[in-house]
Amino acid sequence: MRYGMLTPNFGEFGEARALADLAAEAERSGWDGFFLWDHIQFPGLEPAADPWVALGAMAMRTEKLRLGTLVTPIGRRRIAKLAREVITLDRLSNGRAVLGVGLGFIALPEFADFGDETDPRTRGEMLDEGLDLLSKLMTGEPVKHAGVHYQLETPGFAPSVQRPRVPIWVAGGWPGKKPFRRAARWDGVAPMSKQAMEGQMIQPDQLAELVDYVSTHRTEPGPYDVIQIGASDGPPVREFADAGATWWIAAAAPRDTIEQVRERLRSGPPT
C-alpha cells in the first residue's frame, strides 16, 4: 500500500508556493504521493492555482513523491497542450507524474460558465477519444488523427520518462459501470461513491466489488493501481488493502486550512 494526500487547487490551496511547501512536508514525513484537484474556479474560493504550474513547483521541492491530478476533466482540455504539460512534469520530476482523469463534476458552474461541454455523454466520448490521443503523444509516436471531437497531426513529441507513458488513472462513480470498463483499459482506477461530494467515501465492500468488476474487463497484463480516497474517521486502512486498494489517499475538503493539512502530513501515513 502507498499513501498520498489530495488537496483542492483553490482557496487556501490556490497558491503554488504553499502547495510546494506542503509537498516537501509530505516527503519528509514519509508519504508517497501528493495530488491536486483540477478546477478553473470553485464558487466563493479564490485564488485558484493552475495544477500543472503548481505540480511543477512541487516537483522542484521533492525527489521521490508521486505527483499528479485527481482528476483532470479531459473534455475541457486541449489534448496537445495537456500532453505537453504531463510530459513536462514527468521529465522535470524524473518520472514521477501521474495523470488522473474523468468527466469532471458537472454540478459546478465552471463548465457552462467557460463555454465547455456540459452533456455527460459527449464528455464521455471526448474522454475516450482524448485518452487514446494522449497515450500516443506521451509515447512519442507520430499522430495523425481526424476524429469526432479532435483533429491532430504531429511527427511526434519527445516522450515521457516513464514508459510506455505516464500512468493514467481513471475516476468514476460507483455503482455506475461504464467508467470502470473504461478504467480497465488503463493503469488504475479511482472510484468514488455517488455521495462523494458530501464526504461519503466508498466503503471496503464496495471497493472489493468494483475491483472484481474491473478485473473481469482487464485485457492487458501488468501492474494496476486501485486508489482509495479515504478519511481519517473511516474504516481502517487494512480493510481497504484487503479489498484490493494499492493507494490510500487522504482527502482535504475545500474549506480545510493549510495548517490542518500540514499537521495531517506531519502525523505521517496511517499504519
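Any read-out appearing in this document is the output of simple, stated calculations on the displayed coordinates, not a laboratory observation. These figures come from a predicted structure and were not determined experimentally. Cβ atoms come from the backbone with ideal geometry, glycine included; neighbour counts cover every protein chain shown.
Values for this structure:
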| quantity | calculated |
| --- | --- |
| Rg over Rh, two decimals, the stretch 1-82 (C-alpha only, Kirkwood Rh) | 0.97 |
| Sequence-separation-based contact order of the stretch 2-266, relative, with Cα cut under 8 Å and 6+ spacing, percent | 19 percent |
| Among 26-33, 256-263, the order from most to least packed when residues are scored by Cβ within 10 Å on average | 26-33, 256-263 |
| Pairwise centroid distance, computed over Cα atoms, of the stretch 64-123 with the stretch 146-184, Å | 10 Å |
| Highest-fluctuation residue, Ala158, Ala83, Ala250 considered, GNM on the chain with Cα pairs under 10 Å | Ala158 |
| Around Val86: net Lys/Arg minus Asp/Glu count, Cβ-Cβ under 15 Å | +4 |
| Proximal charge balance of Ala26 [Cβ under 13 Å; K/R count +1, D/E count -1] | +3 |
| Percent of beta bridges antiparallel (DSSP, the chain, rounded to nearest 5) | 15 percent |
| Alpha-carbon spread of the chain, three principal axes, descending order, Å | 50, 40, 37 |
